[in-house]
1. Give the distance, in whole Å, between the Cα centre of segment 35-96 and the Cα centre of segment 99-117.
2. Based on Cβ point charges of +1 for Lys and Arg and -1 for Asp and Glu, what charge dipole magnitude is obtained for segment 27-163 about its Cα centre, in debye rounded to the nearest 20?
3. Take every DSSP beta bridge with both residues inside the chain and express the antiparallel ones as a percent of the total, to the nearest 5.
4. Hey, got the dipole for segment 15-98? About the Cα centre, +1 on K and R Cβ, -1 on D and E Cβ, debye to the nearest 20?
5. Taking amide H positions as placed 1.01 Å from N in the peptide plane, with prolines and chain starts having none, which residues 5 or more places from Gly273, or on another chain, fall under 5 Å of its amide H?
6. How much of the DSSP bridge set in segment 100-203 is antiparallel, in percent, rounded to the nearest 5?
7. What angle do you read, to the nearest 10 degrees and between 0 and 90, between the alpha-carbon axis of helix 233-245 and the longest principal axis of the chain?
8. Please report the Cα spread of segment 15-98 along all three principal axes, rounded to whole Å, starting with the longest.
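Just so it is clear, none of the values below were taken in a lab; they were calculated from the coordinates. Predicted, not measured: the structure shown is a model, and the values here were computed from it. Note that we place each Cβ from the backbone using ideal geometry, even for glycine, and neighbour counts take in every protein chain shown.
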Amino acid sequence: MKMHISIDKKAGFCSGVKKAIRKAEEALVQHGSLYCLGQIVHNEAEESRLQTLGLQVINPEQMKQLHNTRVLIRAHGEPPETYRIAAENNLTLIDATCPVVLRLQQKIKKSFETGKATQAQVVIYGRKNHPEVIGLNGQIRNKALVIEGPEEIDKIDLSRPVSLFAQTTKNKNTYQEIIQRIEAEKGKVMIGGELHFTSNNSICAQVSNRDAHLRDFAGANDLLIFVAGKNSSNGKYLYSVCRDANPNTFMVSSPGELEPAWFSPGQKVGVSGATSTPEWLLEAVAAKISTFKYPNIW
């Protein structure tokens, strides 16, 4: 009895990552080599592919030593300091900052400037060491308070106005919980009879809208293989969505991590992945599964 394997047609790179990969490939074809400030995408297999084409990942300290060459700014974006150093060192920047992230950077900067008169706080819900958050906070000279979950709202000075933003790839349900808890707490310390708290819809729709689809896709299969890089925040979150919908869900970063014991004849097996997972890797995982029980790929 054969297994049936289906690849999630809505999985694969988000538009921001596609743009960054495309810009990197174009530069590599033209010049044969290219520096990238940080991981271009949180997927080890895709990074390895690009490195064979001549992409070299560097950190901020290494960038400071470069002169008269090309450096790619990935979709996560960068703080203003990066652009200042590039100008001083005569570096040509290939800027692939995601438009969603770029708009968020601008909103945070504007919120900070307009809130100075009232000593307003900019609060960012996100991972403190995430490159996007570093870039966001850098827009306002690292003056934002970064919180990683609802349990940290006690760090916010609720006697002052608060403007809340979220890292674009964070869990929208957790973000709503943070908003509700701040509203409840801030209501206890009303400033001049008014609630001085604003929340901003800054989570990427391409990420948040995958939730419902992934729940349906995972639930429609007997077994779900979720493919994501080990360092992908988006991957960890979307994997948890799949696992909630279907406990028989496993996460792998490459075909070599698949275990034949997970599979059995007659199963409907779904293959999906994070917004940082390339389509070619999803196909490679599905092909590897096909060698276990000779299923039909459809």
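1. 24 Å
2. On the way: 16 positive and 15 negative charges, 101 e Å.
Dipole magnitude for segment 27-163 comes out near 480 debye.
3. Details: 1 of 37 bridges.
Roughly 5 percent of the DSSP beta bridges within the chain come out antiparallel.
4. Values: 9 positive and 10 negative charges, 41 e Å.
The dipole magnitude comes to about 200 debye.
5. Distant-sequence amide H within range of Gly273: Gly12, Val227.
6. Working: 1 of 12 bridges.
Here the share of antiparallel DSSP bridges comes out near 10 percent.
7. Between helix and principal axis, roughly 60 degrees.
8. If we take the Cα atoms of segment 15-98, the spans are 32, 24, 19 Å.
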